[in-house]
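Written out below as structure tokens is the structure these notes cover.
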Amino acid sequence: MTDDLVVFVPGLFGSELVGASGRPVWALRPRAVLAHFGQFRGLPALPPGLGDGPPGDGIRAGGLLLTSRLALGLISGAYDQLHKRLLNQFGAGVRYFTYDWRLSHRRSAQLLAEAVEGWLSQWRRAGHPGARIVLLCHAEGGLVGRYFAEVLGGDVELRALITVGTPYLGMLKTTEMMLRQDRPSRLRLYEAFATWPSAQQLLPTYPCIRQSGRLLSLTEAKVAGLPRGAAAAAARFLDEIAPRPGRVLPYRFHIIAGTFRSTPETLAPDGTTWRVRTSSDAGDGTAPLLSTVPEAYRAQADVTLVPAGRVDLLSNAVVLTELTRATTAQGPSGRPAAEPLGLDLPSRVPAQHTMPVAAVSGRDEGFLRMRVTAPDDDEVRWESVLVRSGPDGRFEGTLRFPDKGRWRVRVESCAFEEVVELEDVLVEAVSRHSLYRAERHTLSLPGFDTLLGTGADDLPSPPVPSPPVPPVTAVPDQHFPQTVRVPTPDPPTPTPTLPSASASEQRRLVAELAQQAASGREVPLHVQVVCNTEAGPGAELRAFDIPADGIRLHLTVHAPGLVALGDLQQELTVRPGRDSDVVRFGLRTAATGLHQVTTRAFHGGTFLGEVRCQISVEHDGPTRDGRTRTAPLPSMAFEPGEVTLQVLEKDPQSGTYTFQLLSSRCHAPEVFSFRSGNPRRASEEIFKQLTHAAAEAAAGRPMSGARLRRRLRAHGAELWRSAVPEAVQRQFWEEADRIATFTVLGAQDIVPWELLFPLNEGHEERGFLAEWLPIVRRVFGQERATDLSLDGAAFVVPPGSPADALDEVKALRAGFGTDVVDRGVFTDGEALVELIEHGYSGLLHFACHNSFGPTGSTVKMADGAFDPIDLAAAIQLRSLRPHHPLVFFNACRSAGEIDWFGSSLGWAPQFMRAGAGAFVGTLWPVRSSSALLFADAFYQELIVDRQPLGAASLAARQAITDQEGDPTWLAYAVYGNPAAVAATSYENRSSIT
């Protein structure tokens, strides 16, 4: 097949459209489209009765839309990644068929036939006389490809037809949109959508309407609001491309479909509207498996199921690998003979932790199934897959043992009708910390730190459904491999918000409080979680899933200067389809002045969002209602194992704070007074000693590693004793074995949290908190960004920077290569401020000096001082919010803060409040060479290895711990969401530098 011509057919919305004037009408950037959906007028309605003809409106197809994750749940861009893969694999032998996807699929298929005829003729004349066509189709493009092959006679020139996420029986999502059951802000686009012949041909033909206790098809049910005759027209079209009994295809037919995503399944009347019911795991989030893999198609096609949604199918690395296999294989082979399997698995393994595992086999398969069961029964406690990673027979995957004890690991082949067991071994799972201590000091085992590091799939994992399509090859997601965790009854944990019988909704956190009141008056605070509407501030939010029985959120209120008349924390149940109940917090005014009241929402130990109100208290002043304050809740999902420590200042004069550990148990807040009054004094003393140690190491006079660690351990243990309430210490140890990430929210600079060394009688010593857990900070007003924009890199190196600063930039540039747009080196503060205020997207890396003192931080730029206060306008504009860039400040004491009019002022809080997705900075001056090593390791983990922010920072610390006498590995403070990942693609890259 190396001489064959690969033709890619995109799905709905996947081609650019150009108007009669030559101006694009569908080629906007994703964020711009999302921002203007309510007023989008670029795609007009088509005249009724158009059928398979042209519209005559002058709109024509342009190029392929190389953007991703856009619009209505129906477009999955990610074509940029596919474009690169196809170009690398097939070079000049790739063609892209773009078309006006509004029009009938029959018309598009006819245009495809004409294009293929010309392309194939040219390709054969260019020295490939035996070439045929490999047709690769995404989503609705598969309907075009199928019509071309089975109705228009294209099968005679086909070598293979590969469809990805194609709804062969239509999809209920189309009905939702035509009935305008989705977002009212998109009404104009939906009205146009209902007139497009292609959309009408996507109406489902399977039973999906519940009426009078029966499940009916659209042609049987009474559904007002659909275009006249559209359901019958869809049934006729989809029947034309359906498999004909007894037909043997002359080409290879391969179906790849997404699963494990909550997908619209049925509609039922609910008064004057329709109620949507979703499946828990039977689809890709848009189309159900019964449509993407219909029973009638299974006899003709090879089928691969992938635990991914429609948006992610083509960006999934394993799917791209499978596409390459499908376009290079000569067709399905016979059942291979049994081959021995060499499973690389030690006899003692870490419990409750995801570990990499590898096997070697001569079997000619792409994937093997791996199951973990108890030794004496067949109940599956964990399931994953081993994926072929190369032509040498090596298979790789991940494995997890749910608890300590003995476990049986079975590896099976499922590529054919009969399951073949290849391996059955017994292993013992033990505490990973005791295993680490024993193995670290007795073995020289390459990669053992990686084995014990945080795994990428320490995240919610979907349940395994009964496979609806035999035979099916289950394929893991690139970032979150398909895994199954059977929960144990103790300890109880909240259920992750995963694809379930749920409603896909958008939510806001709403708070109401009087804006003015007299001293001594009761002023209740009312809090509610509501369904998102167009009213109120904030950007349009992506949907999230809520199980049918609802989820319980934990609300906390911080009201300094006001008197609490009851608990300042309460639980709130959020159910699908409606607003929550209103929760009342009792407050009373006391001291005069302007007071701020902050309400925060948590799910388990995961911070979801916050909303702030202000109240002015005056003697004998009137009471005036305040306006409703709202805050977006971009997601209600929690990160399993995330624990948040919320630290709030209660009384600045006495040094009193409240500490509250929030996890699945949500402990009560503990009031704590620091013995020394202001804990920052102790921090300053520690920083002085660490600064001295770093300076001595840089001067070639390092303190011995053992002595440095002993002193750091003593400081960390004393910090733990004197700066953390005993009740919180006990709570921490109760949670320790279940903590995957540790987030500190609130008063950041009172304690160097990374230096805490948890040490208590009766508990195993595990090291510094930052040594064995990903520790991440959050500031007030920071959003929960899940993606970090890294599409470009700008560097800040003003005059007077360290001598090797440009060497650092040069090394990082070489590692990023051409995958990241180089946006240059900035030396002027004015240009840098302009870049930030205009909404910078990408990495902003500082390699410079940062002066830190009582008056705050300063970077001396070529045109003067650049201070944190220079970001004030960007904060008001939230200019970095649309892109959530990453800011890496490799400069002296860049994470330090000062008090400024009652608020912390420093680089980290300022950048985060302006909308940055993450900030990385140092707590004391560090050695330049060590700083570069940390940056290199951090970018390698975050960008190349696709580790989340928390895990990447932990791995970077571990990578430089062996620097003799140098404490730099503890110097970095990381701000952001520990689960945030880099929003860019680094394919086939093994290292940053």
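The values are calculated or read from the model by the stated rules, or taken from the named source; none is laboratory data. Keep in mind that what you see is a predicted model, and the values were worked out from it rather than measured. Note: ideal-geometry Cβ built from the backbone for every residue, glycine included; neighbour counts use all protein chains shown.
What do you reckon, is residue 257 of a type outside the set (Asp, Glu), surrounded by 14 or more Cβ atoms within 10 Å (Cβ to Cβ) and closer than 13 Å to residue 203 by Cα?
Taking the combined requirement at face value, the residue does not satisfy it.
Quick one: would you say residue 127 is more than 17 Å from residue 65 (Cβ to Cβ) and in contact with a His (Cβ under 9 Å, 6 or more places away or on another chain)?
No; evaluated as a whole, the condition is false for this residue.
Criterion first (modelled with pLDDT under 70 and not polar (S, T, N, Q)) does residue 364 satisfy it?
Considered against the rule, which asks whether it is modelled with pLDDT under 70 and not polar (S, T, N, Q), residue 364 comes out as yes.
Filter region 732-745 down to the residues that are modelled with pLDDT under 90, under 16 Å from residue 645 (Cβ atoms) and in a helix (DSSP H, G or I) and list them by number.
Scanning region 732-745 gives 734, 735, 736, 738.
Out of region 792-846, which residues are on the phi < 0 side of the Ramachandran plot and of a type in the set (Gly, Ala, Ser)?
792, 793, 794, 801, 803, 805, 811, 814, 815, 829, 831, 841
Scanning region 128-166 for residues that are assigned to a helix (DSSP H, G or I) and of a type in the set (D, E, K, R), which turns out surrounded by the fewest Cβ atoms within 10 Å (Cβ to Cβ)?
The selected residue is 155.
Does region 830-839 contain any residue that is assigned to a helix (DSSP H, G or I), acidic (Asp, Glu), modelled with pLDDT of 90 or more and over 30 Å from the mean Cα position of the chain (by Cα)?
Yes: one or more hits.
Check region 232-251 and report whether any residue there is under 30 Å from the mean Cα position of the chain (by Cα) and surrounded by 14 or more Cβ atoms within 10 Å (Cβ to Cβ).
No: region 232-251 contains no residue that is under 30 Å from the mean Cα position of the chain (by Cα) and surrounded by 14 or more Cβ atoms within 10 Å (Cβ to Cβ).
Conditions (1) modelled with pLDDT of 85 or more; (2) surrounded by fewer than 18 Cβ atoms within 10 Å (Cβ to Cβ); (3) of a type in the set (Gly, Ala, Ser); (4) in the same structural domain as residue 943 (by TED's automatic domain parsing), marked per residue:
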{"residue": "846", "(1), (2), (3), (4)": "yes, no, no, yes"}
{"residue": "873", "(1), (2), (3), (4)": "yes, yes, yes, yes"}
{"residue": "876", "(1), (2), (3), (4)": "yes, yes, no, yes"}
{"residue": "891", "(1), (2), (3), (4)": "no, no, yes, yes"}
{"residue": "894", "(1), (2), (3), (4)": "no, no, yes, yes"}
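Regarding residue 989, is this residue at pLDDT 85 or above and either among the charged types (D, E, K, R) or not assigned by TED's automatic domain parsing to the domain that holds residue 884 (or both)?
Considered against the rule, which asks whether it is at pLDDT 85 or above and either among the charged types (D, E, K, R) or not assigned by TED's automatic domain parsing to the domain that holds residue 884 (or both), residue 989 comes out as no.
Considering each of 765, 754, 771, 808 in turn, give the residue that is without any contact (Cβ under 8 Å) to a residue 12 or more places away in the chain, in contact with a Leu (Cβ under 9 Å, 6 or more places away or on another chain) and farther than 30 Å from residue 83 by Cα.
Only one candidate passes the filter, namely 765.
Need at least 3 residues that are within 32 Å of the chain's Cα centre (by Cα) and within 18 Å of residue 943 (Cβ to Cβ) per element, so show me which strands (runs of 3 or more DSSP E) inside region 768-807 make the cut, counting only ones lying wholly within it.
Ranges flagged: 787-789, 792-796.
From the list 149, 131, which residue is at pLDDT 95 or above and in contact with an Asp or Glu (Cβ under 8 Å, 6 or more places away or on another chain)?
Just one listed residue meets the conditions, 149.
Just to be sure before I move on: is residue 705 surrounded by fewer than 16 Cβ atoms within 10 Å (Cβ to Cβ), modelled with pLDDT under 75 and not assigned by TED's automatic domain parsing to the domain that holds residue 609 in the structure I sent?
For residue 705, the condition - surrounded by fewer than 16 Cβ atoms within 10 Å (Cβ to Cβ), modelled with pLDDT under 75 and not assigned by TED's automatic domain parsing to the domain that holds residue 609 - is met.
At least 2 residues that are touching a residue at least 12 places away in the same chain (Cβ under 8 Å) in each: list the strands (runs of 3 or more DSSP E) lying fully within region 196-304 that qualify.
Strands (runs of 3 or more DSSP E) meeting the threshold: 209-211, 252-258, 263-270, 273-279.
Restricted to region 660-691, and to residues that are over 15 Å from residue 607 (Cα atoms) and part of a strand (DSSP E or B), which residue is modelled with the lowest pLDDT?
Across region 660-691, the extreme among qualifying residues is 673.
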